[in-house]
Amino acid sequence: MSSETKSDSVKLSYTELASFFENMGMMIKSGISVSEAIDLLKEETPASEQAMKDAFAKMSDDLNMGKPFGDAMRDSGAFPDYSVDMISTSEYTGKLEDTLFHLADYYRTENSMKTALVSAVRYPVILLFMVIAVLIVMLTLVFPAFYGVYENLAGSLTSSSYGYINVSFTLTKVMLGIMIVLLATMLTGIMMWRGGKKDKVRNILSKFSAFRDLFSSMDLYRFTSCFDMFISSGENQDEALVKSMPVVQTDSLRSLLQRCREKMEGGMSFSQTAYEEQLYDPANNRMLIPAERSGMLDTIMQKILSNLKVSIEKSIGHIANTIEPLLTGVLMIFIGIMLISLMVPLIGIMNSIG
């Protein structure tokens, strides 16, 4: 789910969104009105965050003119549409306080998933820098030093007896080039991601099954969380599904949800369509229908969300644990090859002397 907004004047991060909804929930719970709460946030926002301060000022003006909280949020351009829709629904159903806390929890989870992904990418980048540094040292210091020693002991290294050192030198240069290209690719992807081109990066990464499964799981988590929040805020199931679908970017999941939508329009409940379309894994799917019939759908949805979160964390860990040993193993193999290629001639020279 993206935190992109309709206005370029202010873009709230996941952390900022979580903080905003948490603060609003606590103030409303303590008896402070929405307009007063916004005024307090406006006053507490430092001058260094002028864009956010302006957004709160716009919301305050709208609220003082009698506009609903949801409309004021939408006009500010600082909030994602789905969060605005939830707030608007909860205002009419009297569940504003609960919805605010649910949104705060949602964005905290989004931020934790984002942090985990960043950590999974950061270490391979650092490791690539280390690999490149080692290869540069080998090319600029180690190889020349051994060349000098061998030339003094046995003449030029162009002879066939030392030819494999030249091969090792060439392989090291090739390896260095590959590592530089790989690092440049990763850094370019990171810059594109931060520069608002997440969809392009996502499409490229989705060509790999591990990332494709991860993105699908994350989208399913986001949809389920949004759907559950819409239901909790008082929205009916059909509208909740429709309003939750925009957070999904995975084509296969979007198609599956579209089939669920068509069946729900035909009179089926969400739990029935989710079960028939196998929206979740078998263990989670089997819980839906009896949970809805017993009035415990919200409880089961929370259980499903917990299971999905664990699955996402495992997927991120699997990707990180695959990349790290791979890069480390490649580095160790090449260092071993280089050391052997450098030491074997020395052994030959010593044998000839002896």
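Every read-out reported here was derived from the displayed coordinates using simple, explicitly stated rules and does not represent laboratory data. No experiment lies behind these values; they were computed from the predicted model shown. Neighbour counts run over all protein chains shown; Cβ positions are idealised from the backbone, glycine included.
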Given charges at Cβ of Lys, Arg, Asp, Glu: the chain dipole, positive-most of Thr322, Met287, Ala210: Thr322
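Less than 9 Å Cβ to Cβ from Ser271, Lys/Arg counted +1 and Asp/Glu -1: what total charge do the surrounding residues give?
0
Rounded to the nearest 500, what is the chain's calculated 222 nm mean residue ellipticity when only DSSP H runs of at least 4 contribute -39500 (n - 2.57) each, over all residues? Write out the running numbers ahead of the final one.
Working: 15 runs with 280 residues, N = 354.
Calculated from helices alone, the mean residue ellipticity at 222 nm is -27000 deg cm²/dmol.
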Magnitude of the charge dipole, region 1-110, Cβ model with Lys/Arg +1 and Asp/Glu -1, debye to 20: 40 debye
Taking a cut-off of 17 Å between Cα atoms, list the aspartates and glutamates near Lys314, but don't count ones fewer than 8 places away on the same chain. Glu110, Asp213, Asp219, Asp281, Glu324
Qualifying aspartates and glutamates (Cα of each under 14 Å from Cα of Lys58; at least 8 residues distant if same chain): Glu36, Asp39, Glu43, Asp71, Asp75
Based on the Cβ-Cβ distance from Gln278 to Ile136, what FRET efficiency comes out when R0 is 56 Å, to the nearest 0.05? 0.60
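Within 10 Å of each residue's Cβ, count the other Cβ atoms and sort Leu253, Leu141, Leu17 from fewest upward. It would help to have the intermediate numbers written out before the result.
Details: Leu253 19, Leu141 10, Leu17 22.
Result, fewest neighbours first: Leu141, Leu253, Leu17.
Relative contact order of the chain: what whole-number percent is it, with Cα pairs under 8 angstrom and at least 6 residues apart?
On the way: 319 pairs, mean separation 67.3, N = 354.
About 19 percent, as a whole number.
What's the local net charge at Tyr221, with K and R +1, D and E -1, over the other residues with C-beta under 11 Å away? Walk me through the numbers on the way to the answer.
On the way: positive: Arg222, Lys309; negative: Glu110, Asp219, Asp228, Glu313.
Taking every Cβ under 11 Å from that of Tyr221, the sum is -2.
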Taking percent of Cα pairs over 36 Å apart as the quantity of interest, determine which of (1) 42; (2) 32; (3) 51 was computed from the displayed structure. (1)
The size of the Cβ-based charge dipole (Lys, Arg +1; Asp, Glu -1) of the chain about the Cα centre, to the nearest 20 debye, is 1480 debye
What lysines sit close enough to Lys263 to cross-link, taking a C-alpha to C-alpha distance under 17 Å and skipping anything fewer than 8 places away on the same chain? Lys243
